């Protein structure tokens, strides 16, 4: 299992892994990120594509924020603040 930056990098280059983690095809993921960029800004610590990826991971896997924290390599407060602010 990849964690932190290795997980993010693998999701962004491996189509099958991206699908397993988010249940989206690469073209759909890219279109969603492009759409989100109109409404969501890159943060100091997390870019829009990372925010979308984390949100989709939690939804697709039925994971909790704490699991996303360990998988993603950011603090729980960083993840919840960015995701709740931008996607709630």
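The values are calculated or read from the model by the stated rules, or taken from the named source; none is laboratory data. Just so it is clear, the structure is predicted and the values come from calculations on it, not from any experiment. Quick reminder, even Gly has a Cβ in these numbers, built from the backbone with ideal geometry, and neighbours come from all protein chains shown.
The residue list 63, 6 contains one member that is surrounded by fewer than 17 Cβ atoms within 10 Å (Cβ to Cβ) and in a helix (DSSP H, G or I), which is 6.
Only one residue in 4, 64 is modelled with pLDDT under 90 and either touching a helix residue (DSSP H, G or I) at 6+ places or on another chain (Cβ under 9 Å) or at positive phi (or both). Which one?
Working: 64 fails: modelled with pLDDT under 90.
Exactly one residue qualifies, and that residue is 4.
The number of residues in region 57-75 that are farther than 15 Å from residue 23 by Cα and in contact (Cβ under 8 Å) with a residue 40 or more places away in the chain comes to 4. If you check residue 50 against the conditions, is it surrounded by fewer than 17 Cβ atoms within 10 Å (Cβ to Cβ) and either touching a helix residue (DSSP H, G or I) at 6+ places or on another chain (Cβ under 9 Å) or in a loop (DSSP other than H, G, I, E, B) (or both)? No; evaluated as a whole, the condition is false for this residue.
All of 34, 54, 28, 78 fail the test of being more than 13 Å from residue 11 (Cβ to Cβ) and either under 13 Å from the mean Cα position of the chain (by Cα) or in contact (Cβ under 8 Å) with a residue 12 or more places away in the chain (or both), apart from 78. Here residue 40 passes the criteria (1) more than 22 Å from residue 16 (Cα to Cα); (2) modelled with pLDDT under 85; (3) crowded, with 17+ Cβ neighbours inside 10 Å except the one numbered (2). Just to be sure, is residue 39 more than 13 Å from the chain's Cα centre (by Cα), closer than 16 Å to residue 87 by Cβ and outside any loop (DSSP other than H, G, I, E, B)? Here the answer is no, as residue 39 does not meet what is asked.
Within region 12-21, can one find any residue that is at pLDDT 90 or above and under 12 Å from the mean Cα position of the chain (by Cα)? It would help to see each step written out before you state the result.
Step one: of region 12-21, the residues at pLDDT 90 or above are 13-21.
Imposing the further condition that a residue be under 12 Å from the mean Cα position of the chain (by Cα) reduces the set to 18, 21.
Yes - at least one qualifying residue is present in region 12-21.
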